Amino acid sequence: MNTETLQQWNAELRERHPRDIVRWAISQAGGRAVVSTNFRPYEAVLLHLCVQEQPDIPVLWVDHGYNRPATYRHAEQLRQQLGLNLKIYHPRMSVAHYEAVHGPPPRPDDEEGLRRFSAIMKLEPFQRGMRELAPKVWLTALRKVQNPHRATLDVVLWDENFQVLKVSPVFHWTDADMEAYLQQHNLPNEWDYFDPAKADEKRECGLHARWVTQVLRP
């Protein structure tokens, strides 16, 4: 994928409504689009947008086993409400196995531990899911307001890690925009979300960071 084409697409899509961006992305996929989710706050927005355009779109969710009860209940509520074609991938290690070998989830200041946790509990199952679903287009809920790294990205990217076109329809939306959409469409939200692979909201777990190439293997 050349830089010129990406720049042109981003220029054309930057001011478009996320609904139009989802429609464009799915049209590029030739029937092979996937949307990923972790059921964190505001994820219902992207999921709703996607199923309005393609009701059976595969929804890739890596359940690392450390989600809180509220997140599991939220996931089930959205699965039923939106009729999600949910594709759940689990790590090859159970939580009990991981903790017996490596101990509890790493502290926020343990960079090596965080990357190890990400590699085993999130990146490997995500890579497996992407390999099995084999999408041409990967729809994500990335937004520029989420952290400094994401602020440097754009709506359409070529993802070298997974060799796929990555599209983030709500990239330019604020929290207020997301909240308004939830209310307009009577969608639930969930605030008791925790990701032990990130430790804090400013850190990337690896799926959207360059260091992922150091741990992913074919």
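The values are calculated or read from the model by the stated rules, or taken from the named source; none is laboratory data. Since this is a predicted model, take the numbers as computed values, not measurements. In this analysis, Cβ positions are derived from the backbone assuming ideal geometry, glycine residues included, and neighbour counts consider all displayed protein chains.
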> Are there any pairs with C-beta distances below 6 angstrom linking a residue in region 33-50 that is at negative phi to a residue that is in a helix (DSSP H, G or I) and of a type in the set (Lys, Arg), with the two at least 6 apart or on different chains, and if so which?
Replying inline: Leu49/Arg19
> Which residues, counting only those in region 56-74, are under 16 Å from the mean Cα position of the chain (by Cα) and among the charged types (D, E, K, R)?
Replying inline: Asp63
> Based on what the data block shows, is Lys122 charged (D, E, K, R) and assigned to a strand (DSSP E or B)?
Replying inline: no
> Of the residues that make up region 130-137, is at least one without any contact (Cβ under 8 Å) to a residue 60 or more places away in the chain, aliphatic (A, V, I, L, M), more than 19 Å from Asn38 (Cβ to Cβ) and in contact with a Lys or Arg (Cβ under 8 Å, 6 or more places away or on another chain)?
Replying inline: no
> Scanning region 174-209 for residues that are at pLDDT below 55 and among the basic types (Lys, Arg), which turns out farthest from Ala119 (Cα to Cα)?
Replying inline: Lys202
>> Could you tell me how many of the residues in region 177-195 are part of a helix (DSSP H, G or I) and in contact with a helix residue (DSSP H, G or I) (Cβ under 8 Å, 6 or more places away or on another chain)?
In response: 3
> Can you name the number of the only condition in (1) within 14 Å of Asn189 (Cα to Cα); (2) under 18 Å from the mean Cα position of the chain (by Cα) that Gln77 fails?
Replying inline: (2)
> If you scan region 144-167, which residues turn out to be in a loop (DSSP other than H, G, I, E, B) and without any contact (Cβ under 8 Å) to a residue 60 or more places away in the chain?
Replying inline: Lys144, Val145, Gln146, Asn147, Pro148, Leu153, Glu160, Asn161, Phe162, Gln163
>> Suppose we filter region 89-108 for residues that are of a type outside the set (Gly, Ala, Ser), in contact (Cβ under 8 Å) with a residue 24 or more places away in the chain and assigned to a loop (DSSP other than H, G, I, E, B); how many remain?
In response: 8
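Table: residues versus (1) under 19 Å from Val22 (Cβ atoms); (2) of a type in the set (Ser, Thr, Tyr).
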residue: Glu112; (1), (2): no, no
residue: Arg115; (1), (2): no, no
residue: Ser118; (1), (2): no, yes
residue: Lys122; (1), (2): no, no
residue: Pro125; (1), (2): no, no
residue: Pro135; (1), (2): yes, no
residue: Leu142; (1), (2): yes, no
residue: Pro148; (1), (2): no, no
residue: Val155; (1), (2): yes, no
> Tell me, which helices (runs of 4 or more DSSP H) lie completely within region 4-88 with 3 or more residues that are modelled with pLDDT of 95 or more and closer than 23 Å to His172 by Cβ?
Replying inline: 18-29, 43-53
